[in-house]
Amino acid sequence: MAMSKQTVTHDIVIIGGGLVGASLGCALAPLIKQYGLRVAVIEATTLPEATEPPGWQPSFDARASAIAEGSAQRFRRLGIWEAMQQEASPIRRIHISERGRLGATRLNAQDVGVAALGHVIPNAWMGRVLHHELSGLPLEWHCPARVEQLAPVVEGHHLTLSDGSKLVAGLTVLADGGRSGLKEQLGIPSAQTSYQQTALITHVGVSQPHQGIAYERFTTDGPIALLPLPGNAMELVWTHPSGDEKARLALSDSDFLAQLQKAFGDRAGRFTRVGKRHVYPLKLTTADEPVRPGLVVLGNAAHALHPVAGQGFNLALRGVMDLVDTLTQALAQARFEKAENHLNVADTLGSMETLTRFEQCRERDRANVIRFSDGLVKLFGLDWPLLGHARAAGLIGLNLAGPLRRSLARRAMGIER
């Protein structure tokens, strides 16, 4: 199809103003200042005010994310960790066990010389901090607005929005979680593997201080994770075989807590209350083409993982930072090779040479995390007696092997790739 030359209106257009898209906007701040980048953000959902209201307090039902220490370091680099930390609960220890087996592994922050292995932060608070930072940048917002058509052109991509706007971007970043159908519109296939599992997510109260301990307990039905929250509360991620979660959604609070107590045990104390329950089907999704000329796919649009290792957003944030680093290097090199008045910023950002360099930087990390999380699900999902004994022995051995345990802790922190 012949494509006519059109005027580039934006150097970068970010589709999706959620945690990944907002993190990218913040990370681009130095380039916006140095090169005068023209950046637009398109978000389909009306966003709350970015200012922090006095006495802000997350509700008991608010969802939270486990932020690895490596991600905290990246937020420090963006200058927003101090604000993020105000509502963060540190993870000082991770306890990994299997129901019905004696083996267990404990990962401690002290073993790797840090104050915390990670942090649990309400998603609403992360979004508020990110958007407060974005409010100080010269970004063009289209919100609420949807991309109705996304088509490649010579200069990058032409976007037609539901608010009537028409944009041409040198680099388009698809960070909408993969729900918009834009990947399909562009003919970008994704490999999908259903785990035949559903995650039930809620907050629960506990009868004793959690002391910053996060739990990952494997059962025959699937893993149960508990993450520390402020006060005597924890976020629960309870994995069920698809369909089984419906019965637990219908339970009264007291019956739900009783079943959770039976499945998890008493290690975290007694479960005293439960918030609103949400369910999400689980599948492994990877985009076959994370980059194309003038296009990058980030976050859940590029890779949706099982929550067993809590690596989804952490992997996405590393992608955000690697993309900005790659763009920074490409612009610096182009400025060195060309006279200042001949530097075509949009062409440099969207060139396949630049984006291939970014993808080469990301592919190993992405493959390692997918292999690790997918392998855990499959390893602990096999109910073979001999394998169960081997898993128990492995957990005991890992707990005794200091260097190996510290290496696992550093990988969980997002420091080692």
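The values are calculated or read from the model by the stated rules, or taken from the named source; none is laboratory data. In this text the structure is predicted, and so the values were computed from the model without any measurement. A quick note on method: Cβ atoms are made from the backbone with ideal geometry, for glycine too, and the neighbour counts reach across all protein chains shown. Just the protein is used for accessible areas: all its heavy atoms, side chains included, with ligands, DNA and RNA removed. Shrake-Rupley method; radii C 1.70, N 1.55, O 1.52, S 1.80 Å.
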### Message
Can you pull out every residue in segment 169-200 that is among the small types (Gly, Ala, Ser), farther than 24 Å from residue 144 by Cβ and not in a strand (DSSP E or B)?
### Response
187
#### Entry: Options 193, 202; residue that is under 25 Å from the mean Cα position of the chain (by Cα), open to solvent by less than 20 Å² (accessible area, probe 1.4 Å) and hydroxyl-bearing (Ser, Thr, Tyr)
202
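Quick check on residue 116: is it among the hydrophobic types (A, V, I, L, M, F, W, C) and either on the phi > 0 side of the Ramachandran plot or assigned to a loop (DSSP other than H, G, I, E, B) (or both)?
Working: among the hydrophobic types (A, V, I, L, M, F, W, C): yes; either on the phi > 0 side of the Ramachandran plot or assigned to a loop (DSSP other than H, G, I, E, B) (or both): yes.
In short, yes.
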### Task
Exactly one condition in (1) open to solvent by 70 Å² or more (accessible area, probe 1.4 Å); (2) free of Cβ contacts under 8 Å to residues at least 60 places away in the same chain is not met by residue 234; state its number.
(1)
### Query
If you check every pair at least six apart or on different chains, which have Cβ atoms under 9 Å apart with a residue in segment 173-202 that is more than 30 Å from residue 220 (Cβ to Cβ) first and a residue that is open to solvent by 50 Å² or more (accessible area, probe 1.4 Å) and of a type in the set (Lys, Arg) second?
180/146; 186/292; 188/292
### Message
So residue 222 passes all but one of these: (1) open to solvent by less than 30 Å² (accessible area, probe 1.4 Å); (2) in contact with a Lys or Arg (Cβ under 8 Å, 6 or more places away or on another chain); (3) at positive phi. Which condition number does it fail?
### Response
(2)
